[in-house]
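**Student:** One structure, pasted below without further comment.
The values are calculated or read from the model by the stated rules, or taken from the named source; none is laboratory data. Note that the coordinates shown come from a computational prediction; the quantities given were computed from them, not determined experimentally. Note: ideal-geometry Cβ built from the backbone for every residue, glycine included; neighbour counts use all protein chains shown. The protein model used for the area step is the full one, side chains on, heavy atoms only, and it has no ligands, DNA or RNA in it. Shrake-Rupley method; radii C 1.70, N 1.55, O 1.52, S 1.80 Å.
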Amino acid sequence: MKIVVYLGTGGVGKTSVAAATAMQQARAGKKSLVLTIDPALRLRTALRLNEGPLEQQVTLDPAPAGELWAALLDVRATLDEAVRQYGKPSSVERILSHPIYATIADSLAGMQELMAVERIDQLSRRGFRHIVVDTAPSRHALEFLDKPVAFADLVGSGWVKLVGRTYRFVSSTGIASLGRRTIDLYARIESVLGANLVRQILDFYSIFVSIAEGYADRAKNTVAILKDPSVTEFRVVTTPQKALRDAAFFTEALRARNFPLGGIYVNRVWVHEPAHDSGEGIGRRLMDWYRAVRESQTAAVNQLRSQYGGAAREIRVIGELERDIDGVEALERIAVELRMAQGA
Amino acid sequence: MSLPSQSAQSQIVVFCGKGGVGKTTVSLALALKRANEGRKVVVVSSHPLRELAVAVSLDGLNTRFPVAAANLFVVHLEPRDLIAEVVQKTFPMEWVVNSILSNRIYQSLIEVAPGLKEFYFLARLQQLAERRAEASGTPDFDLLFWDAPSTGHFLGTLRAARNFETFLSGPLAAAGADLARFFSNAARIIALPTTTLEEMAVTETLEMCAALEKEFQLAPSAVLLNMASPLVDAEATEIEKLQAAVGAPSREGMRFALDRGLLERARASDIASRLRVRMVTIERVRAWKDDLDLLDRIGQALGAAAPA
């Protein structure tokens with residue numbers, strides 16, 4: 001099993017680089033899948049991505065030696081599937097129609113991170129051995145490793161069970177039978193959050209507990225795989241403007257978790273030589289501006305190489321495309337650049 | 001959380017848009033410019049995690065911009081702290097407060113209660129906007145900037161006050177209704193969608209503006225076009241001349257800059273025709289020494305065209 005995880009902040013083109021990596025693997029004869037979070041419309045169309053839990057095979061021309069597959073991380077659909085697959089038959093409908101369930105996918109901070117791990121588990125059960133993961137566009141993308149572990153610890157410690165049991169007990173016997181301290185605490189929490197809300201959430205937990213336990217077990221296994229450096233490689237995608245800041249942040253975040261930094265990919269670099277005879281007027285102004293921006297990009301990349309050349313396995317530059325070709329054609333071009341950089 | 005008096009008319013300027021377009025940088029740049037002009041500015045950010053809030057460094061502010069340093073305030077509101085504060089205010093005894101805050105059931109309720117954190121964040125934002133010195137009655141701040149989270153979370157935050165009513169009854173639900181009114185009052189909320197001229201960012205900006213209009217009756221005051229090419233604001237005749245002159249393969253960099261610039265120009269005019277508000281172009285900064293220098297240069301690029 002090989003997993004490549006791309007990390008990066010918003011607007012750096014992480015999804016395209018991830019998809020191009022999977023495409024390159026498919027061309028090299030692998031059955032490869034890219035798991036993406038929120039692709040641009042044209043990339044979505046090119047990858048034939050639908051909302052929902054299913055992965056799609058992407059047809060390429062010419063056909064690759066292997067296979068290219070794509071899947072979308074749809075938090076709600078992934079959660080629905082987990083409920084249907086692992087919930088007690090008697091509670092599945094109660095869970096799915098619960099008012100708290102309706103909001104949990106959006107409101108529970110880090111739900112995306114929790115579900116990414118669940119989705120990787122689903123995919124590996126379906127036989128995918130080469131998975132490229134495009135994480136949420138933020139600097140806290142590594143949370144998708146921390147959150148499931150924290151969640152599993154909570155579930156394992158029995159607090160969910162306790163909440164569930166307490167709630168069932170209270171609703172069947174009335175609140176008066178609880179210990180005085182517990183009543184006090186409930187009353188206080190209710191007075192802060194509102195009684196209706198607290199009861200709804202407790203009710204939800206009482207039926208959701210078995211799902212949460214099953215999830216926690218699977219998440220522990222998946223995170224262990226992701227933490228195995230012989231299986232998983234972490235790569236950072238950035239742009240020249242953000243390169244030094246992002247490299248500093250992610251290098252430290254990975255180091256703190258004992259993960260090796262695979263590579264840093266500086267995307268959207270202006271690689272074309274500026275023209276020398278730019279004439280007068282707007283042409284002159286445009287070229288002066290272009291040259292200056294390009295020089296500061298080059299300086300940033302050089303500084304990145306000298307500072308992180310030792311820490312990162314590799315540092316690659318990917319040129320910015322001059323037009324909108326976000327579809328398969330754009331991926332092919334990025335894949336070519338990735339190959340070229342690899343050969344160099 | 002009571003209804004503000006209508007005479008106050010405190011405004012909140014909201015920098016909103018897709019992740020990675022430069023909302024934090026642009027809001028800080030404009031804040032620096034205004035603070036340097038002597039106005040008291042507070043920039044409030046609300047990223048879900050504290051460590052992401054201010055990735056832009058203000059190192060050197062005191063020595064290089066002493067006037068701004070005295071007038072510029074950057075605040076990160078941590079929703080969990082805000083809720084803890086409510087608990088502290090509700091219960092006067094410290095051991096009660098501690099037993100609640102350290103309770104795991106309470107902690108998990110805070111995480112899953114739909115919109116609770118957003119609700120308290122909005123309440124504090126409103127409070128900051130309304131706050132004024134007791135003696136003179138003048139506002140604590142001349143300008144309040146909200147460096148909003150990326151589109152989805154931003155709209156989710158605005159919806160929170162409204163959705164809260166569904167789950168609650170009593171005083172909190174009433175407060176939610178108050179908040180919902182405050183944050184859909186066009187006289188109070190100055191929306192400044194910020195975008196780069198890239199396809200995804202532009203699409204998201206248009207969708208966000210449609211949602212703001214439909215759900216909150218808020219129209220943008222201006223749209224900030226960040227990191228733009230010099231061609232975006234160039235004269236059409238000049239561009240025609242340039243297009244006629246470029247073509248030889250030896251001028252690859254020019255071809256690239258021209259193609260990208262024309263694309264950005266087309267997108268800028270697309271946004272302008274759809275939203276019918278003022279476009280403020282911020283040319284991509286060529287080079288800068290450090291974060292503070294970048295903010296200063298963006299502030300200059302905004303020039304007199306700066307809204308708010």
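**Student:** Measure off 7 Å from each Cα along the Cα-to-Cβ vector at B:Thr203 and B:Leu101, then give the distance between these two points in nanometres to one decimal.
**Tutor:** Each label point lies 7 Å from its Cα, and together they span 4.5 nm.
**Student:** When the Kirkwood hydrodynamic radius is evaluated over all pairs of different C-alpha atoms of the range B:157-288, what value in angstrom, to one decimal, is obtained? Let's see the in-between values first.
**Tutor:** Details: mean 1/r = 0.0575 Å⁻¹.
The Cα-based Kirkwood calculation yields 17.4 Å.
**Student:** Please compute the per residue accessible area over chain B with all protein chains in place, 1.4 Å probe, rounded to a whole number of Å². Walk me through the numbers on the way to the answer.
**Tutor:** Numbers: 12860 Å² over 308 residues.
For chain B, the solvent-accessible area averages 42 Å² per residue.
**Student:** Let me ask something additional. Interface size between chain A and chain B, please: total buried accessible area, 1.4 Å probe, rounded to the nearest 100 Å². Mind showing how you got there, number by number?
**Tutor:** Values: alone 17020 and 15670 Å², together 27120 Å².
Buried surface at the A/B interface: approximately 5600 Å².
**Student:** Calculate the FRET efficiency for B:Glu213 and A:Ser230 from the Cβ-Cβ distance with a Förster distance of 60 Å, rounded to the nearest 0.05.
**Tutor:** Efficiency for this residue pair is about 0.70.
**Student:** With the Cα gyration tensor of chain B in hand, convert its eigenvalues to equivalent ellipsoid semi-axes via √(5λ) and list them largest first in whole Å.
**Tutor:** Working: eigenvalues 312, 95, 68 Å².
Semi-axes, largest first: 40, 22, 18 Å.
**Student:** Quick one: which residues, 5 or more positions from B:Glu283 or on another chain, have an amide H under 5 Å from its amide H? H modelled 1.01 Å from N in the peptide plane, none for Pro or chain starts.
**Tutor:** B:Ala228
**Student:** Once you charge only the Cβ atoms, +1 for Lys and Arg and -1 for Asp and Glu, what is the size of the charge dipole of the range B:165-308 about its Cα centre, to the nearest 20 debye? Show your work: numbers first, answer last.
**Tutor:** Details: 16 positive and 21 negative charges, 54 e Å.
So the dipole magnitude of the range B:165-308 works out to roughly 260 debye.
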